[in-house]
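Input: a single structure, listed below in C-alpha cells.
The values are calculated or read from the model by the stated rules, or taken from the named source; none is laboratory data. Keep in mind the model is a prediction, meaning the values are calculated, not measured. For neighbour counting, all protein chains shown are included, and Cβ atoms are generated from backbone atoms with ideal geometry for every residue, glycine included.
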Amino acid sequence: MNSANHTLKGESFFEKNLLLYVNRATETYQLPLHSHDFIELAFVAEGKGFHYIEQEVHHAFKGQLYFIPIGVSHVFRPSSPESLKEPLVVYNCLFTPGLLEGLVSVIPDPAIAEYAAQIRNHQVSAFSVTDLHSSIENLFLSLHREYNLPQTGSGTYLLSLFIQLVVTLYRFKHDELHFPVNKHTRFLHVLRYIQQEYAQDITLSHLAQAFEWSERHLQRLFQAHTGQTFHHFLQNVRIQKSCGLLARQPHTPLPLIAEQVGYRDTKTFSLVFKRIIGKTPGGFRQEAETAAATAGGANNSKSQQQLY
C-alpha cells in the first residue's frame, strides 16, 4: 500500500469537549489508507482480517488491540470482500493528547502517570497486544455502552473507564513481563479464566486441579478476595454476561441466551437471574429495549460521522 494521503480530523468525532469518541464498526474496503490527528485504540471484537500500518501488514483477529499514534498511516481490511459473510468488527476508541493532559495530574500512581504522559507527548510508538483474559474487551464493551447510551454522569464514568484502559495497557506492557507469579497473581489467573470460560462446565474441582490448589484452599481464596463462594462468583459472572446478550440480542430466544452463558436449563437460569438482578430476563430485556429506543431517538437528532 502507498502512503496515506487521507487524514481524519478529530473535529468530526469529538463533541462537548469530551475529547473522546467510541464506536463499533464493521470494516469494509471503502475507507482508504489514512492517518489522523488524534490517537486511536482499535480492538478487534469479531472475525479476522488484516491491519495495514505504515509499510507493514499484519493478520488481525479477535482479541487484538492496536495502538495507533497521531500521523501513523493504517487501515483495517476484512479477510474477504464479502464482509457480511466474514465480517471484521472493530471497536474504536479515539482520544486527543489534551484528554491525557487533564488526566495525568489526577492519576496517583507515578508509573501510570508517566506512561500516560509518554502517550500524550508522542513517545509511545505503534504496538499491539493480545487480550488473553477478556479484560480489554470488557472495558471496550463498557465504553461503547456508556458512550452510546449516556446516563447521568456519563462523562465522568467514561473518563474513569478510559483511565482503567490506560492502566490495563500498562499492565500488559510491563507487569506480565516483570512481576513474579505469587499467590495473588495466581488467583487473578483463576478469576480471569472464569471470565473467559464461564460458559463451560467449570467446577471447583476442575479449577483446583488446573491451578494446583486444594478445593478447600481455593474456596477460602474466593471468600477472602471476592466475598463470595466459588459457586456464587460463577453465577454472578454468567448473569452479568447474559445481561449484555439480552441487551444486544433482542430477538435471541431465552433458552439460547441461557446456553450461551453456561446454563443448560432455562428455568434455573431464570431463577438465578431474578435472584441476582431482581427481575426476570424478559423484564430486563424489555427495559433495555425501552432505554435503547429512548437513546436512539435522542441520537437521531444529531448526525455523527462513523469511523470504519
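Scanning the range 31-58 for residues that are surrounded by 20 or more Cβ atoms within 10 Å (Cβ to Cβ), of a type in the set (Phe, Trp, Tyr), free of Cβ contacts under 8 Å to residues at least 60 places away in the same chain and not in a loop (DSSP other than H, G, I, E, B) yields nothing.
Checking every residue in the range 264-282 against the condition of being in contact with a Phe, Trp or Tyr (Cβ under 8 Å, 6 or more places away or on another chain) and at pLDDT below 90 gives zero matches.
Listed by position, the strands (runs of 3 or more DSSP E) inside the range 59-104 whose residues that are at pLDDT 90 or above, under 20 Å from Ile136 (Cα atoms) and touching a strand residue (DSSP E or B) at 6+ places or on another chain (Cβ under 6 Å) number at least 3 are 64-68, 89-95.
Exactly one residue out of Ile136, Ile107, Ile119 is assigned to a loop (DSSP other than H, G, I, E, B), modelled with pLDDT of 90 or more and crowded, with 18+ Cβ neighbours inside 10 Å, and it is Ile107.
If you filter the range 115-131 down to residues that are over 16 Å from Ala42 (Cα atoms) and among the hydrophobic types (A, V, I, L, M, F, W, C), you find that the one that is nearest to the chain's Cα centre (by Cα) is Ala116.
Taking the criterion of being surrounded by fewer than 16 Cβ atoms within 10 Å (Cβ to Cβ) and in a helix (DSSP H, G or I), the residues of the range 254-275 that qualify are Pro255, Leu256, Glu259, Lys267, Thr268, Leu271, Lys274, Arg275. Under 8 Å between Cβ atoms, which residue pairs at least 6 apart in sequence (or on different chains) link something in the range 149-176 that is surrounded by 16 or more Cβ atoms within 10 Å (Cβ to Cβ) with a partner that is in a helix (DSSP H, G or I) and of a type in the set (S, T, N, Q)? If the second residue must be in a helix (DSSP H, G or I) and of a type in the set (S, T, N, Q), the pairs left are Leu161/Ser142; Thr168/Ser135.
Among the residues of the range 266-293, those identified as in contact with a Pro (Cβ under 7 Å, 6 or more places away or on another chain) and farther than 18 Å from Leu234 by Cα are Arg285, Glu289.
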